[in-house]
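K.L.:
Please see the structure below; I have some questions.
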Amino acid sequence: MKTFSFIGSDKNAGKTTAFNFVCQEMTKAGDQHPVCVTSIGINGEDTDTYEGRPKPKIRITRGSYFVTAGEHLKHRTGRYETLLIFDGLVKPYILGRSLSDFEMVLEGPNTGMELLALKDRLRHSGVVNRLLIDGSIDRQFLARPAISDGFYFALLISNRDAQIQKAHDLLFSLSLPTYDGTDARTMERILQENRKDETRSLLLDENREIVYLGHAIPSLDTALREICLKQREKPLTLYLNGALTRTLHGFLSPFRHMRIILDNFSLYQNISVKKTHGKRFMPALSLRHSVRVEKIFLKIENGSRLTSLIMPERVSTHNLFREYPDEIGI
């Protein structure tokens, strides 16, 4: 079973519109490739934060499959059939097949462990072979290869500084290389042997000996900072399974002999691509896991331009609202 997640650079980036569009395109293949849709937590908001207009809902077409919490199906009696109930999770989730077209609230598992358990049940059911997850940029575990085989991005292009920064950071994170080299296998072996689910940082010296293993949020981990300062003139490799925030980025910028490996691209957050507080980012930055970007969908606000943004190479980019207005109902 292939799993694809949807991430938006901002709350109003058009993620739900992209989700509906891709789902519609995939279901055109018919029953040979059944598609199931779900969400991380409760999907979306009712109202556009900036424009105050109602936001699009997830559209369920007749014959399609979905997973959601049972409480959202109370008023859908007769419009779907229950195929499977996922018990043993935080709340009962239902795998259903729609008997008519309707809009609905999707609510799926809210943690990586629950999502993996749900995926395992779906895989063994043999009902569907593609799963679409309505996700968000703040759910970092979606980037793990065990969860997602690929991603679709909804990118908001705006003249507002905060949104421009988010777009820059997202595009930059997509261009980060996967760590490699002669010591890549050694590094991976160390991570396999020492990394646990709760591991947030792991610091190695030049001999690949562990000098620090942390479970605290990296940006708040004072012990990590202290050991980095003590070892600052030595070659170091820092693995992060927590967000590389602006604060942490500013602290690590002067470490010229450090190599940073992020577990996945979503950990690179709100950081100026070129400079932070006037300092260039010195440590070499790479990813442990690279995830295939299926497509980038653009939502361009009036008066905004693309000139300052560099799109990743070999990634298909579409202005969904301009190129396919009839298909998405605008």
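The values are calculated or read from the model by the stated rules, or taken from the named source; none is laboratory data. Predicted model, so just to flag it, every value in this text is computed and none were measured. Note that each Cβ is placed from the backbone with ideal geometry, even for glycine, and that neighbours are counted across all protein chains shown.
K.L.:
Go through segment 149-173 residue by residue and tally those that are surrounded by 21 or more Cβ atoms within 10 Å (Cβ to Cβ), modelled with pLDDT under 90 and under 29 Å from Lys119 (Cα atoms).
P.N.:
So the count comes out to 6.
K.L.:
If I filter segment 270-284 for residues that are at pLDDT 90 or above and under 25 Å from the mean Cα position of the chain (by Cα), do I get at least one hit? First the steps, then the outcome.
P.N.:
Filtering segment 270-284 down to residues at pLDDT 90 or above leaves none.
No: zero hits.
K.L.:
If we keep just the residues of segment 122-148 that are among the hydrophobic types (A, V, I, L, M, F, W, C), at pLDDT below 80 and part of a helix (DSSP H, G or I), which is surrounded by the most Cβ atoms within 10 Å (Cβ to Cβ)?
P.N.:
By that ranking, first place goes to Ala143.
K.L.:
I'd like the residue in segment 77-106 that is modelled with pLDDT under 90 and part of a strand (DSSP E or B) and, out of all such residues, is nearest to Ala117 (Cα to Cα).
P.N.:
Applying the filter and picking the extreme gives Phe86.
K.L.:
Follow-up. Among the numbered criteria (1) at pLDDT 85 or above; (2) closer than 30 Å to Arg123 by Cα; (3) surrounded by 13 or more Cβ atoms within 10 Å (Cβ to Cβ), which single criterion is violated by Glu198?
P.N.:
(3)
K.L.:
Looking at segment 9-31, which of its residues are at pLDDT 80 or above and among the acidic types (Asp, Glu)?
P.N.:
Of everything in segment 9-31, just one residue is at pLDDT 80 or above and among the acidic types (Asp, Glu), namely Glu25.
K.L.:
Can I ask one more? How about segment 201-226: which of its residues are in contact with a Lys or Arg (Cβ under 9 Å, 6 or more places away or on another chain) and surrounded by fewer than 14 Cβ atoms within 10 Å (Cβ to Cβ)?
P.N.:
Glu206, His215, listed by residue number.
K.L.:
Next question, about the same structure. Given Ser148, Ser136, which one is touching a residue at least 12 places away in the same chain (Cβ under 8 Å), closer than 15 Å to Asp263 by Cβ and not β-branched (Val, Ile, Thr)?
P.N.:
Details: Ser136 fails: closer than 15 Å to Asp263 by Cβ.
Exactly one residue qualifies, and that residue is Ser148.
K.L.:
Could you list, in sequence order, all residues of segment 227-262 that are aliphatic (A, V, I, L, M) and touching a Lys or Arg at 6+ places or on another chain (Cβ under 6 Å)? Even if it seems obvious, please write down each step before you answer.
P.N.:
We begin by selecting, within segment 227-262, every residue aliphatic (A, V, I, L, M); these are 227, 229, 236, 238, 240, 243-244, 248, 252, 258, 260-262.
Matches in segment 227-262: Ile261 only.
K.L.:
How many residues does segment 63-105 hold that are surrounded by 20 or more Cβ atoms within 10 Å (Cβ to Cβ) and touching a Phe, Trp or Tyr at 6+ places or on another chain (Cβ under 9 Å)?
P.N.:
As a first pass, look at segment 63-105 and keep what is surrounded by 20 or more Cβ atoms within 10 Å (Cβ to Cβ): 64-69, 80, 86, 93, 95-96, 104.
Now drop any that are not touching a Phe, Trp or Tyr at 6+ places or on another chain (Cβ under 9 Å), which leaves 66-69, 80, 86, 93, 95-96, 104.
Residues flagged as surrounded by 20 or more Cβ atoms within 10 Å (Cβ to Cβ) and touching a Phe, Trp or Tyr at 6+ places or on another chain (Cβ under 9 Å) within segment 63-105 amount to 10.
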